Amino acid sequence: MTLTPTRTLLDEAAEAGRGLGAFNVLHLETAEALVAAAERTGRPVILQLSENCVGYHGALEPIALATLSIADASSARVAVHLDHAEDAQLALRAIDLGFGSVMYDGAKLEFAENVATTRRVVAHAASAGVLVEAELGEIGGKDGAHAPGVRTDPDEAARFVAETGVGALAVAVGSSHAMVERVAAIDLDLIARLRSAVPVPLVLHGSSGVGDELIVEGIRAGLVKINVSTHLNVQFTGAIRAYLDAHPTTVDSRKVLAAGRDALGVEAARLLDLFGSAGRDRTV
């Protein structure tokens, strides 16, 4: 099956009141596991490459082309997305390379500068039919997203979307990146107010720190795209540690990485089913 546009998957999920899993690719094994999870569950998935991931691999093209190829060859409905690009030029390159969507992250900029740069990315993306996600508010470390004044304001969010033309908005509602414990408390009332104010799908970053039940409630309140990275990395590395403990003399890295890939795929499949069955008119 060919690549599915991110906009198509987001629109369908939003219309049905379901959540859509967007999971980060770190290397080939991650991409293979995520696609296998989508095929196993029959759920769509978004594969995400972050600016940090591009930096790790040294360039965009090698990991991007490999991920696009894996997605394109899958029997599942798969979109490919650039995550958290603070470099606008990187976002433009991803658009030209064939990504279904890009996130330009200008959240650290002043409002007017964030709007101006985001509009430039949106204009370039429009000619290619590519969706642009942006961020308003701060989704930072464990303290940042819980500090006063950093959560997304509904009125400012509505103005930002109107002035930029973005197709999705990442909002700061209490989650934090890189959490290995699922103890974050997201603000369901704020999510509902943002959903009423903003005409595009809402995105939750830092979802690894949010428990299953609260994510489901967040989807019912109006979240659509649910980003997960750290939680899946915990599954991957945990399985590798267990394999090495059980096979201390192994020297074949394929066997080690396969253990991580398999464990990540199992948890990714569970999350895809959880998010996809969490519609407002469904029970989980």
query = Would you pick out the residues in region 13-32 that are in contact (Cβ under 8 Å) with a residue 24 or more places away in the chain and either under 20 Å from Ile215 (Cβ atoms) or touching a Pro at 6+ places or on another chain (Cβ under 9 Å) (or both)?
reply = Ala13, Ala14, Ala16, Gly17, Arg18, Gly19, Leu20, Gly21, Ala22, Phe23, Asn24
Selected residue (criterion: modelled with the highest pLDDT) from residues of region 148-166 that are in a helix (DSSP H, G or I) and either of a type in the set (Asp, Glu) or touching a Phe, Trp or Tyr at 6+ places or on another chain (Cβ under 7 Å) (or both) = Glu163
query = Tell me, which residue of region 63-113 that is in a loop (DSSP other than H, G, I, E, B) and within 17 Å of the chain's Cα centre (by Cα) is nearest to Leu49 (Cα to Cα)?
reply = Phe99
task = Considering only residues that are of a type in the set (Gly, Ala, Ser) and part of a loop (DSSP other than H, G, I, E, B), look in region 195-252 and name the one that is nearest to Gly167 (Cα to Cα).
result = Gly222
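Table: residues versus (1) polar (S, T, N, Q); (2) buried (at least 19 other Cβ atoms within 10 Å of the Cβ); (3) modelled with pLDDT of 95 or more; (4) within 20 Å of Leu28 (Cβ to Cβ).
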{"residue": "Arg254", "(1), (2), (3), (4)": "no, no, yes, yes"}
{"residue": "Ala259", "(1), (2), (3), (4)": "no, yes, yes, yes"}
{"residue": "Asp262", "(1), (2), (3), (4)": "no, no, yes, yes"}
{"residue": "Val266", "(1), (2), (3), (4)": "no, no, yes, yes"}
{"residue": "Arg270", "(1), (2), (3), (4)": "no, no, yes, no"}
{"residue": "Asp273", "(1), (2), (3), (4)": "no, no, yes, no"}
request  = Looking only at region 79-102, decide whether some residue is buried (at least 23 other Cβ atoms within 10 Å of the Cβ), of a type outside the set (Ser, Thr, Tyr) and closer than 24 Å to Ala258 by Cα.
outcome  = yes
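The values are calculated or read from the model by the stated rules, or taken from the named source; none is laboratory data. None of these values were measured; they are calculated from a predicted model. No Cβ is skipped: glycine too gets one built from the backbone with ideal geometry, and neighbour counts run over all protein chains shown.
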